[in-house]
Every structure is written in structure tokens, then in C-alpha cells.
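K.L.:
Supplied in C-alpha cells, the structure appears directly below.
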Amino acid sequence: MFFLQQLINGLTQGMIYALMAIGFSVIYGVVGLVSFVHGEVIMLGAFTGFLMISFLGTNLLFALIVGFIVTWILGMLVDSLAYRPFKDAPREIPLIMTIGLSIFLRSLTQVILGTQQRVIPSIFEGKYFVIGDIRITYIQIIIAVIVIALSLALQQFLYRTRTGLSLRAVSMDKDAAALVGVNVSKTIRTGYSLGCALGGVSGVLLGIYYNSVHPVMGASASMKAFASTVFGGLTSIPGAAIGGIVLGIAENLGVGYLHSGFRDIIAFVIIIAILLIRPSGIMGRKEGGKV
């Protein structure tokens, strides 16, 4: 039963990682570059949830909506500062800009909100139900429902709307998309904002799941999102989601049966293993020249 309990916990954590990775994959798809600022976007989403719930006393749904909006706007700013001015420059330049923005946002958060860990009041504290010897908390169910709902909504958006189809076209071939009338710059901004907003929501969920937020949590979140996306394939949203779930389960089983110190090591092992065995990921398409 211990195994099943760890599996349930890992699945919940994996769903949060999946949402992080989906946002990461959306950005990579439209920009063609790894966004090193994604972890700090997740961190700011978590702090938005903390401020809304702890200081304003809002419910979880409202905190999620505000977190989505705040990080959507942040995505627009990142696109304007780190990508758009350097879209014709060597690829290393926007990459370095995202690293610089990551450091800036982390430092700014520490200056404004302090360096200490902040506690988020427990939602549905002590509320759970038991199946045999397995305990499933209300918050685990809520996280699963939110992530599944957002994933289904994203699928409908990408396949059923004009903007979504434009995003898919740009991710496949920017030049061809432009030839058929797609506004590539506008579409990239939308994709960047959407990816950041999904990361922001995952940050809110991460904060309420662990009941805490910290200004340096973005570094770990960025690594988990990157590992999940590399596992599934940088260009595959379903693959990124699968990668997140696999990572969450692997982490919990590793911590449960080995040692808590293995939690972050597992992400590195997954990155190294998949790059050696299948560099394009389990569901990614093979391509070269991108970072």
C-alpha cells in the first residue's frame, strides 16, 4: 500500500510538473528557444497565489485566474524585452537575455518580498477520503481536475480556434505561416504569453500543494519543467505532459524508497538518460539548430 500511496502522491506532483512543462513546450514551439526565465515565471505565479490567498483572502479559483492574468502580462513583457528586439540577432542573444531576466526577477522578488520562505494557509486542511489504506486529499483531487481541464481546454484552443491554428502553423514553419497570412510576431507574443500563463497557474498549484513559496523556488521549477519537456520532446505538448507525470512519480518513488536527497537528482538523471538514448524525446520530432 505504501507503493500505491507514493504513486498517488507522485501523480499529483507530476500533474503540476506536466502543466509547467506544457507551458515550457508552448514557448519553445513558437520561439524555437529554451526560455530560462520560465522558472521565475512559475515562482511569480506562486507568489501571486500566496498574496491573493494569504493577504486578500480570496478563494483558489480567483487566485488561479489572477495568477493566469499576471503571468500572461509578464509573458508579453518577456517577449518584448528578451525575444522581439533580438529576433534577427544570433540565437545566443535572446537566450542570454532570458537568463538575465531570470536573475533580475528573482532578485527583485527578494528585494520586495524578502528572502524567507512564506507559508500559504492550507486549503481543505485535514480533508481527505480513504480507499483501503490509501489517503487521497481534497487538494490532490482539485489539482488533478484543474490540470486535466486546462489540458483539454488547451487542446481545443490549439485545434479549434484561428489563433490556435496560427500557433501550430508558426511552430511548424514561420516562413510558410507568414506566406499564408499569419501575423507571426503577434502569434509568437500570444504563444509566449500563453506559455507563461500556464506556468503561472502551475506555480499557484505548486504553492498550495506544498503550502509555501520561496523566491528561489524558480530554479528547481525550471529544472523540473526542462527535464519533463526533454523527456517528452521539446516540440511535443503531449510528450511534455507525459514527461511531467513520469518525473513526479519517479521523484516520489525515489524519495519513498531511497532518500529525500534523490528528489532533484532524478530530474538530472532523466535529462542525461533521454539525451543519450533519444535526444528528440519520446514524442518529439527530430530537428537541429535550436537551443
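K.L.:
Output the helices (runs of 4 or more DSSP H) that fall wholly within segment 30-119 and possess 1 or more residues being among the basic types (Lys, Arg) and under 27 Å from Tyr209 (Cα atoms), or say none.
P.N.:
Fully inside segment 30-119 and qualifying: 92-113.
K.L.:
So Glu40 ticks every box in (1) under 14 Å from Leu198 (Cβ atoms); (2) buried (at least 24 other Cβ atoms within 10 Å of the Cβ) but one. Which box is left unticked?
P.N.:
Just one mismatch for Glu40, condition (1).
K.L.:
Here are Ala63, Ala89: which of them is among the small types (Gly, Ala, Ser), out of contact with any strand residue (DSSP E or B) (no Cβ under 6 Å at 6 or more places or on another chain) and surrounded by 17 or more Cβ atoms within 10 Å (Cβ to Cβ)? Outline the logic, then answer.
P.N.:
Values: Ala89 fails: surrounded by 17 or more Cβ atoms within 10 Å (Cβ to Cβ).
Testing whether each residue is among the small types (Gly, Ala, Ser), out of contact with any strand residue (DSSP E or B) (no Cβ under 6 Å at 6 or more places or on another chain) and surrounded by 17 or more Cβ atoms within 10 Å (Cβ to Cβ) leaves just Ala63.
K.L.:
Looking at the structure I just gave you, is Leu198 surrounded by fewer than 16 Cβ atoms within 10 Å (Cβ to Cβ) and either at pLDDT below 95 or within 15 Å of the chain's Cα centre (by Cα) (or both)?
P.N.:
On the way: surrounded by fewer than 16 Cβ atoms within 10 Å (Cβ to Cβ): no; either at pLDDT below 95 or within 15 Å of the chain's Cα centre (by Cα) (or both): yes.
Considered against the rule, which asks whether it is surrounded by fewer than 16 Cβ atoms within 10 Å (Cβ to Cβ) and either at pLDDT below 95 or within 15 Å of the chain's Cα centre (by Cα) (or both), Leu198 comes out as no.
K.L.:
Where the second residue is assigned to a helix (DSSP H, G or I) and of a type in the set (Gly, Ala, Ser) and the first is more than 15 Å from Val119 (Cα to Cα) and lies in segment 51-65, which pairs have Cβ atoms under 6 Å and are six or more apart or on separate chains?
P.N.:
Between residues of segment 51-65 that are more than 15 Å from Val119 (Cα to Cα) and residues that are assigned to a helix (DSSP H, G or I) and of a type in the set (Gly, Ala, Ser), the close pairs are Ala63/Gly49.
K.L.:
Can you name the residue in segment 231-252 that is among the β-branched types (Val, Ile, Thr) and in a helix (DSSP H, G or I) and, of all such residues, is farthest from Gly281 (Cα to Cα)?
P.N.:
Within segment 231-252, the subset among the β-branched types (Val, Ile, Thr) is 235, 237, 242, 245-246, 249.
Cutting the leftovers down to in a helix (DSSP H, G or I) gives us 237, 242, 245-246, 249.
Details: Ile237: 11, Ile242: 11, Ile245: 15, Val246: 13, Ile249: 18 Å.
Per the stated criteria, the residue is Ile249.
Let's see how each residue does on (1) at pLDDT below 95; (2) under 15 Å from the mean Cα position of the chain (by Cα); (3) among the polar types (S, T, N, Q):
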site: Leu4; (1), (2), (3): yes, no, no
site: Tyr17; (1), (2), (3): no, yes, no
site: Val30; (1), (2), (3): yes, no, no
site: Thr71; (1), (2), (3): no, yes, yes
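K.L.:
While we're here: Among the residues of segment 76-86 satisfying the criterion of being among the hydrophobic types (A, V, I, L, M, F, W, C) and touching a residue at least 12 places away in the same chain (Cβ under 8 Å), which is surrounded by the most Cβ atoms within 10 Å (Cβ to Cβ)?
P.N.:
Restricting to residues being among the hydrophobic types (A, V, I, L, M, F, W, C) and touching a residue at least 12 places away in the same chain (Cβ under 8 Å), the top hit is Val78.
K.L.:
Residues to consider are Ser202, Ser171, Ser228, Ser220; find the one that is part of a helix (DSSP H, G or I), under 22 Å from Arg84 (Cβ atoms) and in contact (Cβ under 8 Å) with a residue 12 or more places away in the chain. If you could, list the steps in order and put the result at the bottom.
P.N.:
On the way: Ser202 fails: under 22 Å from Arg84 (Cβ atoms); Ser228 fails: under 22 Å from Arg84 (Cβ atoms); Ser220 fails: under 22 Å from Arg84 (Cβ atoms).
Answer to the check: Ser171.
Residue-wise test of (1) buried (at least 18 other Cβ atoms within 10 Å of the Cβ); (2) aliphatic (A, V, I, L, M).
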| residue | (1), (2) |
| --- | --- |
| Leu19 | yes, yes |
| Phe50 | yes, no |
| Phe55 | no, no |
| Asn59 | no, no |
| Leu74 | yes, yes |
| Met97 | yes, yes |
| Ile103 | no, yes |
| Leu108 | no, yes |
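The values are calculated or read from the model by the stated rules, or taken from the named source; none is laboratory data. Everything numeric here is computed off the predicted structure, so don't read it as measured data. Methodologically, a virtual Cβ is constructed for each residue, glycine included, from the backbone with ideal geometry; neighbour enumeration extends over all protein chains shown.
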